[in-house]
1. Being within 16 Å of ligand 2 (Cβ to nearest atom), within 29 Å of residue 188 (Cα to Cα) and either small (Gly, Ala, Ser) or more than 14 Å from the chain's Cα centre (by Cα) (or both) is the requirement here; does residue 91 meet it?
2. Only strands (runs of 3 or more DSSP E) wholly contained in the range 1-96 count here; list those with 2 or more residues that are at pLDDT 95 or above and in contact with a Leu (Cβ under 6 Å, 6 or more places away or on another chain).
3. All but one of (1) within 12 Å of ligand 2 (Cβ to nearest atom); (2) surrounded by fewer than 14 Cβ atoms within 10 Å (Cβ to Cβ) hold for residue 31, so report the exception by its number.
4. Given the structure, is residue 106 at positive phi and more than 13 Å from ligand 1 (Cβ to nearest atom)?
5. Only one of (1) within 16 Å of ligand 2 (Cβ to nearest atom); (2) more than 15 Å from the chain's Cα centre (by Cα) fails for residue 204. Which number is that?
6. Somewhere in the range 143-152, is a residue over 17 Å from the mean Cα position of the chain (by Cα), within 22 Å of residue 62 (Cα to Cα), away from ligand 2 (no atom under 16 Å from the Cβ) and not aliphatic (A, V, I, L, M)?
Amino acid sequence: MLVAPSILSADFGYLADDVKAICEGGCDLVHVDVMDGHFVPNLTIGPVVVEAIAKAATKPLDIHLMVENNSFFVDLFAPLKPEFISFHIEEEKHPHRLIQKIRSLDIRPAIVLNPHTPPEKIEFLLEYVDMVLLMSVNPGFGGQKFIPSVIEKAQRLKALIEKRNPDCLIEVDGGVNDTNVKVLADAGVDVVVAGSFVYKHPKGVGEAIASLK
Ligand code: DX5
Ligand code: ZN
């Protein structure tokens, strides 16, 4: 299992230290939650802060956009050379065009599905993306309870991916811990995002990441 800790649960007063800790602790990606206060009822960070994260990180960035104007935000974050930029399908009228734009910037495109959105909705986009992110909480906040229907969604998505683009990764985000990670792995999930589980783990971030792997 690949692990992408979410810096949303880091201590922003010590952000560089907290980013270095997960990279030294063996994470695979640094998950960055960008919220605009419109698509979701919360506001997080922009390119100035993400640039500081990119400087501190020794692992690639996984930028999760929770915003209304995806194309505008892709332009803002592209100069920071993230590995992935993911956008919500619920908020995009022209997903195929946006995917091509992200790819043309040498960034790997990914689509995010909210808890209510069926995987079949993106069947004909699967061949163009490198990852699909399934939300297992309502986007907007860390520390929420895992929604178990994501397990069936991951299984259905896995079957579609095998048909359309077997190289496409499945990522799950929200309420992930060392218990539900097992059933996610069995369902075909490749990457888990974990915020509060990693940063609030009593034995430290390295132990938390190891337990998810
Ligand atoms: C929620 C974010 C998540 C969140 C995960 O909108 O996309 O990445 O920070 O945090 P936990 O693991 O605490 O649910
Ligand atoms: Zn996220």
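1. Details: within 16 Å of ligand 2 (Cβ to nearest atom): yes; within 29 Å of residue 188 (Cα to Cα): yes; either small (Gly, Ala, Ser) or more than 14 Å from the chain's Cα centre (by Cα) (or both): yes.
Yes.
2. Strands (runs of 3 or more DSSP E) meeting the threshold: 2-5, 30-35, 84-88.
3. (2)
4. On the way: at positive phi: yes; more than 13 Å from ligand 1 (Cβ to nearest atom): yes.
Yes.
5. (1)
6. no
The values are calculated or read from the model by the stated rules, or taken from the named source; none is laboratory data. No experiment lies behind these values; they were computed from the predicted model shown. When we count neighbours, we look across all protein chains shown, and the Cβ atoms used for this are built from the backbone with ideal geometry, even at glycine.
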